[in-house]
Amino acid sequence: MVSCTVSKKIPVDQVDLDALKAWIKAQALDLGFSDCVIAKPDTQHELARLKEYLKRGYHGDMKFLEENLEKRADPTLLIPNTKSVICVRMNYLVSSPKARYVPFEPNSAIIARYARGRDYHKIMRGRLKTLATRIKEKVGEFESRPFADSAPVFEKSLAESAGMGWTGKHTLLINKKSGSFFVLGELFTSLDLPFDEPTTAHCGSCTACIDICPTQAIVEPYMLDARKCIAYLTIEYKGIIAEELRKAIGNRVFGCDDCQLICPWNSFAKKAVIDDFNPRHSLDNISLLALWQWDETTFLERTEGSPLRRTGYQSFKRNIAIGLGNAPYSAQIVAQLQHGKSCHHDDIVNVHIDWAIAQQLQQQAQ
């Protein structure tokens, strides 16, 4: 462990900046971050890709992506006097993943691995604030602001520009030694730190992530149509999911890891070093019917401090209904779905319950 005890402050204008950069990286690792790089606050090169993405309508209902384009491209407009960005990542796997679910496991619920424990946004921001405090104890006051997917920031682009990894064809960042099962955070600073250099890409001719996507949401290398993406549909989207996509969703209740699970680089995926990512309420091994029993009070209690809160209760039930419709026929499933019709669900949930019942009865008739 790296000691955070500082015997004497050295003013930042008198410190060896390369040495300070190395010290900051050591402190970041000590705080549980898996990696730390220093990026230049400039992501203008990412703007053209985003504009094309928006033009095609691939962002669906995520209208926030249409806003603050200038601030996304120029972090100094978001936080004035930003001279360097400390980019970190945090591994979230708690166990080595098995191969992607190929046969449907009857009545099992799949929740994306990052969402099974505590909400990483709070973990990330808290530790970035601690990192800022440690640096101030060493060099004195400077301006800083932590972010974790919480502002108009091209966080993946910043990390990539400083060598944390490269963008895979599934649009996620890949690290050669750690795969892609990690989340990102940034500390915008007024420190004039030396920048790290980008690395090279190593996807080559591989198209495994494109080929495996259940809904074919990766429409071309490095371009994802969120309107087809199971992560978007089960988390961000609040409406009626198109019937032609429901079968492909299978038993995925919150998010989808398929494009990561199939990626060869994730054979090098590293495990989390902090306990916050450990699954709560058996979310790594829970049945669809068990989740179906959660009323709104239970949902709110068991998702406190959890990423699952983002769906909202009604969309959560919508997703489970789809999973139950896709499950092998069971009289118990049909009975539970029919009982759900008498509960206080909104019209959107009821549409999916009706579909699920029809799917179950169709299987029975076959």
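Straight-line cross-link partners of Lys177 among the lysines, defined as a Cα under 18 Å from its Cα and at least 8 positions apart when in the same chain: Lys25, Lys156, Lys169, Lys270, Lys271. Here the relative contact order of the chain, from alpha carbon pairs under 8 Å that lie six or more residues apart, stands at 22 percent. Surface analysis of region 66-207 yields an accessible area of 41 Å² per residue, using protein heavy atoms and a 1.4 Å probe. Rounded to the nearest whole Hz, the Karplus-based 3J(HN,Hα) values (6.51 cos²θ - 1.76 cosθ + 1.60, θ = phi - 60°) of region 140-148 follow the sequence x, 5, 7, 7, 7, 8, x, 9, 8, with x at glycine and proline. The trypsin sites (Lys or Arg not before Pro) found in region 308-366 that occupy coil by DSSP, while having at most 15 further C-beta atoms within 10 Å, are Lys341. Charge tally around Gly239: other residues with Cβ under 12 Å, Lys/Arg +1 each, Asp/Glu -1 each, net -1. Angle check, please: helix 347-365 long axis (alpha carbons) against the longest principal axis of the chain (alpha carbons), in degrees 0 to 90, nearest 10. On a 0 to 90 degree scale, this one is about 60.
Residue separation of Lys238 and Ala331 scaled by 0.36 nm, minus their Cα-Cα distance, works out to 30.6 nm of gained length.
Applying the Kirkwood pairwise sum to the alpha-carbon positions of the chain produces a hydrodynamic radius of 22.0 angstrom.
Remind me, relative contact order of region 144-264 in percent, using alpha carbon pairs under 8 angstrom and six or more residues apart?
Normalised by residue count, the contact order of region 144-264 is 25 percent.
How high is the FRET efficiency between Leu47 and Asp347 when r is their beta carbon distance and R₀ equals 41 Å, given to the nearest 0.05? Working from the Cβ atoms, E equals 0.55. When peptides 205-215, 37-47 are ranked by their average number of other Cβ atoms within 10 Å per residue, the highest-first order is 37-47, 205-215.
Of the heavy-atom accessible surface of region 238-366 (probe 1.4 angstrom), what whole percent is carbon and sulfur? The partial results should precede the final answer.
On the way: 2900 of 5970 Å².
Looking at region 238-366 in its full context, I get 49 percent from C and S.
The values are calculated or read from the model by the stated rules, or taken from the named source; none is laboratory data. It should be emphasised that the depicted structure is a prediction, and the values quoted were computed from it without experimental measurement. Cβ coordinates were reconstructed from backbone atoms using ideal geometry, including for glycine residues, and neighbour counts include every protein chain displayed. Each accessible area value is taken on the protein alone, full model and side chains, heavy atoms only, with ligands, DNA and RNA left out. Shrake-Rupley method; radii C 1.70, N 1.55, O 1.52, S 1.80 Å.
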